[in-house]
Each structure stands twice: as C-alpha cells, then as structure tokens.
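Working notes for the structure below.
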Amino acid sequence: DWIKVFVAALFEVFWVIGLKHADDFWTWAGTVIAIIISFYGMIMAGRKLPVGTVYAVFVGLGTAGTVISEILFFGEPFKISKIL
C-alpha cells in the first residue's frame, strides 16, 4: 500500500508541474489524467493505511519532488531557503 502512496506522489509532481507549464490541449489533458491517478492512488492507500499519515507523506514527497524537478528540469535557481 505504501507503493500506492509513492506512485500517487510521483503523479502529484507531474500534475503540479502541469498546472504551471501546460499550454495546449494535450499538456492539459495529461495534467488532468495525472490529477486523477494521483488522487485515486492516495484514496486507495488511505483505505488500508492511516489517512493522516498517507496525506502527510503524499504532500511531503510531492512538494520535495516538485521543487527538485523545477530545479533540475526547468531552470529554477537553487536556493538553500527553498530547500529548507
């Protein structure tokens, strides 16, 4: 079930990036699909694991993944304040 949380968090990174960078039908469609997969995975994991823990891990991994992805793939400047 933790695998579902990790996969959901991975798709969270995709849809958060999509919200910022989508600019045509296909990128918006991909963003919507990532949202659906992300929340479905989180909901399914919450059926067997503590919901508060699932949500905390989901959001933490999604946030960290989004920040790292923006730095690595989209040229965001590395700032120690952002990392902390």
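What follows draws every value from the coordinates through simple rules; no lab data is involved. Everything numeric here is computed off the predicted structure, so don't read it as measured data. Cβ placement follows ideal geometry from the backbone for every residue including glycine, while neighbour counts extend to all protein chains displayed.
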Given the conditions (1) of a type outside the set (Gly, Ala, Ser); (2) in a helix (DSSP H, G or I); (3) surrounded by fewer than 14 Cβ atoms within 10 Å (Cβ to Cβ); (4) in contact with a helix residue (DSSP H, G or I) (Cβ under 7 Å, 6 or more places away or on another chain), which single one is not true for Phe78?
-> (2)
Consider only pairs whose beta carbons are under 6 Å apart and that are at least six residues apart or on different chains; among these, list those whose first residue lies in segment 61-81 and is farther than 17 Å from Ser38 by Cα and whose second residue is in a loop (DSSP other than H, G, I, E, B).
-> Glu70/Glu76; Ile71/Phe78
Report whether or not Ile37 is surrounded by fewer than 15 Cβ atoms within 10 Å (Cβ to Cβ), more than 10 Å from the chain's Cα centre (by Cα), farther than 18 Å from Glu70 by Cα and β-branched (Val, Ile, Thr).
-> no
Take the residues of segment 46-60 that are within 15 Å of the chain's Cα centre (by Cα) and of a type outside the set (Phe, Trp, Tyr): which is surrounded by the most Cβ atoms within 10 Å (Cβ to Cβ)?
-> Val54
Name the pairs whose Cβ atoms lie under 8 Å apart, with the first residue in segment 20-48 and more than 14 Å from Trp2 (Cα to Cα), the second charged (D, E, K, R), and 6 or more positions between them or separate chains?
-> Ala34/Glu12
